[in-house]
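*Asks:* First, the structure itself, so that you have it in front of you.
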Amino acid sequence: MRFGLFMAPFHPVGQNPTLALERDLDLIVHLDRLGFDEVWVGEHHSAGYEIIASPEVFIGVAAERTRHIRLGTGVSSLPYHHPLLLADRMVLLDHLTRGRVTLGCGPGQLTSDAHMLGIPADLQRPRMHEALDAIMHLLRDDEPFTMETDWFTIRDARLQLKSFTKPHLPVAVAASISPTGALAAGRYGAGLLSIAATSKQGFDALGTHWKTWNESAAQHGNTADRGQWRLVGPMHLAETKEEARRQASYGIAEFSRYFTHVLPAGPTRGDTPEEILANIDDDGFAVVGTPDDAIAKIQSLVDESGGFGTFLLFGHDWARPEDTKRSFELFAQYVMPHFQGQLDAPRASCDWLMGSGGEFVGQAANAIFKAIADHAAETGEAPVLPAT
């Protein structure tokens with residue numbers, strides 16, 4: 001299993017936005033050092049919380065500060081862009097990062113963004129399909145093609161640069177509750193991002209997502225690949241559950257209030273931090289606890305889904321920056337290796353040694369005494385034995 005961060009980001013208003021963006025970049029550098037596999041960066045244009053307007057620009061900066069971690073648009077809102085221009089920019093990033101980027105696609109989460117752009121909310125998903133159809137043509141085909149819709153025209157178009165990544169820049173489609181994302185992922189042979197996987201509705205929809213994705217892929221001559229399935233959920237970890245909840249009380253209420261104006265059904269119940277945290281285990285939306293709690297939650301997602309390739313932590317500002325960084329350190333130290341098979345060999349080797357009944361300690365002691373006796377025999381001096 002791979003691991004990463006889905007970074008919208010969520011920064012409560014009232015703080016310096018320049019510093020908040022710098023903290024986002026610092027966090028990605030931190031994750032790169034910790035061995036996380038990928039980060040997905042959002043696109044939003046209103047509400048003042050999710051303040052990255054261009055994930056491509058942000059990724060360009062983050063790529064220069066990191067060495068290994070993959071960087072994806074999480075997600076590019078396709079109805080807001082001419083598909084030729086978006087495909088061209090992403091292929092450029094693919095070259096500049098030497099293949100470390102992924103195009104994540106969606107219809108646009110904030111209907112307030114669509115409103116400012118004059119796009120009716122009920123047209124966002126159909127337009128996403130139209131744009132994705134054009135983008136996949138551009139990425140896969142060498143011959144010029146023409147396409148005309150009621151909101152964009154492509155005429156005799158082809159990309160002047162082919163993708164650095166072969167066969168082409170990877171693409172993933174976001175899904176929350178509706179089947180739109182899974183249908184598109186299957187139709188275009190793309191990966192799937194189940195963004196609301198830990199919410200009750202999202203968790204219950206995992207089986208439907210897989211079924212829809214699989215059936216759509218088969219209808220269009222593609223294959224749904226569980227390895228390209230990413231599930232997203234929020235967590236905050238500390239050494240104890242009590243400490244994790246104390247830390248999360250710093251910002252979880254503001255996060256919850258914001259979401260009541262973004263989603264038809266908010267992900268948390270309660271008005272105060274105490275009420276929200278008291279309900280969080282029953283709701284299953286998030287883990288606020290220890291690495292063991294995180295392991296149990298991810299295993300439940302594996303069991304419910306039948307298996308997936310990547311778990312993405314849903315980024316948030318529930319805790320202070322230093323506590324957030326520590327949470328990721330605990331996740332990398334104890335949760336990631338549990339699912340990556342890194343713990344079995346060291347544990348087996350340690351158990352073998354500890355179960356030797358002192359055999360190896362005895363051998364070491366005998367070797368030391370023999371070396372002392374041999375030296376004494378060579379020099380004719382009385383051996384000086386170590387104290388026992």
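The values are calculated or read from the model by the stated rules, or taken from the named source; none is laboratory data. On a predicted model such as this, the values are computed, not experimentally measured, just so you know. Glycine gets a Cβ as well: all are built from the backbone with ideal geometry, and neighbour counts include every protein chain shown.
*Asks:* For segment 342-367, give me each residue that is aromatic (F, W, Y) and under 20 Å from P386 (Cβ atoms).
*Replies:* Of everything in segment 342-367, just one residue is aromatic (F, W, Y) and under 20 Å from P386 (Cβ atoms), namely F360.
*Asks:* Spot the failing condition for A182; the list is (1) farther than 24 Å from R98 by Cα; (2) buried (at least 21 other Cβ atoms within 10 Å of the Cβ); (3) out of contact with any helix residue (DSSP H, G or I) (no Cβ under 6 Å at 6 or more places or on another chain), and only one is missed.
*Replies:* Only one criterion in (1) farther than 24 Å from R98 by Cα; (2) buried (at least 21 other Cβ atoms within 10 Å of the Cβ); (3) out of contact with any helix residue (DSSP H, G or I) (no Cβ under 6 Å at 6 or more places or on another chain) is unmet by A182, namely (3).
*Asks:* Might you let me know whether segment 342-354 holds any residue that is touching a residue at least 60 places away in the same chain (Cβ under 8 Å) and assigned by TED's automatic domain parsing to the domain that holds I51?
*Replies:* No, there is no match, as no residue in segment 342-354 is touching a residue at least 60 places away in the same chain (Cβ under 8 Å) and assigned by TED's automatic domain parsing to the domain that holds I51.
*Asks:* Tell me the residue from A87, A157 that is among the aliphatic types (A, V, I, L, M), assigned by TED's automatic domain parsing to the domain that holds L21, buried (at least 23 other Cβ atoms within 10 Å of the Cβ) and in contact with a strand residue (DSSP E or B) (Cβ under 9 Å, 6 or more places away or on another chain), please.
*Replies:* Working: A157 fails: buried (at least 23 other Cβ atoms within 10 Å of the Cβ).
Sole residue among the options that is among the aliphatic types (A, V, I, L, M), assigned by TED's automatic domain parsing to the domain that holds L21, buried (at least 23 other Cβ atoms within 10 Å of the Cβ) and in contact with a strand residue (DSSP E or B) (Cβ under 9 Å, 6 or more places away or on another chain): A87.
*Asks:* To continue, here is another question. In segment 39-79, which residues are out of contact with any His (no Cβ under 8 Å at 6 or more places or on another chain) and among the aromatic types (F, W, Y)?
*Replies:* W40, F58
*Asks:* If you don't mind, there's one more thing I want to ask. Can you give me the ranges of the helices (runs of 4 or more DSSP H) entirely in segment 263-374 with at least 2 residues that are crowded, with 19+ Cβ neighbours inside 10 Å?
*Replies:* It comes to 273-283, 291-305, 321-330.
*Asks:* For T165, are the conditions met, namely being at pLDDT 95 or above, under 15 Å from L78 (Cβ atoms), of a type in the set (S, T, N, Q) and touching a helix residue (DSSP H, G or I) at 6+ places or on another chain (Cβ under 9 Å)?
*Replies:* Considered against the rule, which asks whether it is at pLDDT 95 or above, under 15 Å from L78 (Cβ atoms), of a type in the set (S, T, N, Q) and touching a helix residue (DSSP H, G or I) at 6+ places or on another chain (Cβ under 9 Å), T165 comes out as no.
*Asks:* I've got another one for you. Show me the helices (runs of 4 or more DSSP H) found entirely inside segment 145-227 where at least 2 residues are over 20 Å from R127 (Cα atoms). Before the answer, list the steps.
*Replies:* Values: elements: 180-188, 200-204, 206-219.
So the answer is 200-204, 206-219.
*Asks:* Residue check: is D292 touching a residue at least 60 places away in the same chain (Cβ under 8 Å) and not aromatic (F, W, Y)? First the steps, then the outcome.
*Replies:* Values: touching a residue at least 60 places away in the same chain (Cβ under 8 Å): no; not aromatic (F, W, Y): yes.
So D292 does not fit the description; no.
*Asks:* Let me ask something additional. In this structure, does Q201 turn out to be over 14 Å from the mean Cα position of the chain (by Cα) and of a type in the set (S, T, N, Q)?
*Replies:* Working: over 14 Å from the mean Cα position of the chain (by Cα): yes; of a type in the set (S, T, N, Q): yes.
So Q201 fits the description; yes.
*Asks:* Further, regarding this structure: Answer with yes or no whether L330 is touching an Asp or Glu at 6+ places or on another chain (Cβ under 9 Å) and within 30 Å of S199 (Cα to Cα).
*Replies:* Against the criterion (touching an Asp or Glu at 6+ places or on another chain (Cβ under 9 Å) and within 30 Å of S199 (Cα to Cα)), L330 qualifies.
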